[in-house]
Structure formats: C-alpha cells, structure tokens
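> Sending over a structure as structure tokens; questions will come in a sec.
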Amino acid sequence: MRFNDLYAYHKYIAGVASDRHDKGQVNVPQWKGLAFTKHGKNAAIATSGTRHGAPLVFPHGATLIFYEMYEVDDDANVKRLEYTFKYTSETLHFRYDKDPRPDVVKYPEHALCHLQVNVDTPRYITHETNFVEILDFIIASFKKGKGTNGK
C-alpha cells in the first residue's frame with residue numbers, strides 16, 4: 001500500500017483502529033489511542049499507551065500499546081524504522097519488536113525483528129510486521145470464547 005506522506009499513513013492506521021472500534025472489536029478510549037508526532041524531516045512516530053494516549057482495549061480485557069517510527073519514501077512506500085507492539089492479558093503477554101540499535105542487535109539472540117512471549121528471553125526471530133497485521137491477528141486469535149484468556 002502506498003501513501004503520499006506521513007500524515008496519510010497515520011490517517012490510514014487511525015481509520016483501521018476506528019473501524020475495528022465501531023465493530024466492537026477494540027476500544028480506543030476517548031479516541032486518544034493513536035498519537036502522531038513528526039520526527040525530523042521525513043519520519044514520524046505513531047503511538048498508543050502511556051506516552052501519548054490510552055492503550056487499545058479488547059473485549060476480553062487485554063490491551064495493546066504500540067510505538068511505530070516510520071517514514072514514507074520517495075516512491076510512497078512506508079518504511080518502518082523501529083516498532084514495539086505489546087499485547088497484555090491476564091495470562092499472556094507478547095511483544096513484537098523491530099529494534100535497530102546496533103549495540104544490541106546480535107543474531108540469533110537479539111534479531112532486528114523479534115517476538116518475545118511472557119519473558120524477555122528467548123527472542124524469536126520473526127518477519128517485519130505492522131500495526132494492522134498485529135491488530136487483526138489479536139482480534140482473530142483472541143475473540144471472546146476463543147484463544148488464551150478469551151473467556
């Protein structure tokens with residue numbers, strides 16, 4: 001998917017969150033869940049959680065907070081520079097990270113893109129992901145009555 005600028009991508013992910021909110025699949029409290037901060041000339045940060053807004057809350061009580069720094073290149077492609085998507089429920093938490101800090105990236109123990117489940121280690125090597133993919137994965141996997149802590 002292509003976007004003309006930083007704001008167009010943020011509007012897209014905010015629209016997806018709003019759509020899922022309208023369907024009752026996630027609660028975006030007082031619509032403060034997604035914040036946008038320009039970061040330098042060509043990059044921006046989209047966040048939820050303690051820094052800029054409220055976490056997204058699912059019907060089964062779990063939460064999602066995220067941080068995504070991205071830029072839109074000259075060909076209108078979104079490039080995710082770094083991110084964290086953290087899901088927390090009563091019995092499970094997982095976090096998808098893209099952590100580009102050269103002082104910590106060390107294969108295979110700390111891959112650039114990795115997944116952590118319930119504890120900090122091990123970190124599982126994973127593909128690069130994005131907000132919509134994680135949001136839809138959580139909605140599909142943890143519907144009320146299905147999945148871990150779906151009650």
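> What about Asp75, is it at pLDDT 85 or above and either part of a strand (DSSP E or B) or within 16 Å of Ile138 (Cα to Cα) (or both)?
no
> Give the residue, chosen from Arg101, Arg80, that is among the basic types (Lys, Arg), modelled with pLDDT under 90, loosely packed, with under 14 Cβ neighbours inside 10 Å and out of contact with any helix residue (DSSP H, G or I) (no Cβ under 9 Å at 6 or more places or on another chain).
Arg101
> Let me ask something additional. Which residue, of Lys143, Lys86, is modelled with pLDDT under 90 and within 27 Å of Asp19 (Cα to Cα)?
Residue meeting the stated conditions: Lys143.
> Another question, then. Can you report the number of residues in the stretch 81-105 which are under 11 Å from the mean Cα position of the chain (by Cα) and either of a type in the set (Ser, Thr, Tyr) or part of a loop (DSSP other than H, G, I, E, B) (or both)?
Here the count works out to 4.
> Just name the residue that is farthest from Tyr67 (Cα to Cα) out of those in the stretch 106-135 that are outside any strand (DSSP E or B) and among the aromatic types (Phe, Trp, Tyr).
Of everything passing the filter in the stretch 106-135, Tyr107 is farthest from Tyr67 (Cα to Cα).
> Moving on to the next point. Those residues that are free of Cβ contacts under 8 Å to residues at least 24 places away in the same chain and surrounded by 10 or more Cβ atoms within 10 Å (Cβ to Cβ), I need them from the stretch 107-122; list them, please.
Within the stretch 107-122, Pro108, Glu109, His110, Ala111, Leu112, Cys113, His114, Leu115, Gln116, Pro122 qualify.
> OK, next. Just give me the residues in the stretch 3-36 being surrounded by 14 or more Cβ atoms within 10 Å (Cβ to Cβ), at pLDDT 80 or above and part of a loop (DSSP other than H, G, I, E, B), in sequence order.
Result: Phe3, Gln25, Val26.
The values are calculated or read from the model by the stated rules, or taken from the named source; none is laboratory data. From a predicted model like this one, the values you see are computed outputs, not experimental measurements. Positions of Cβ are generated from backbone atoms using ideal geometry, with glycine treated the same way; all protein chains shown enter the neighbour counts.
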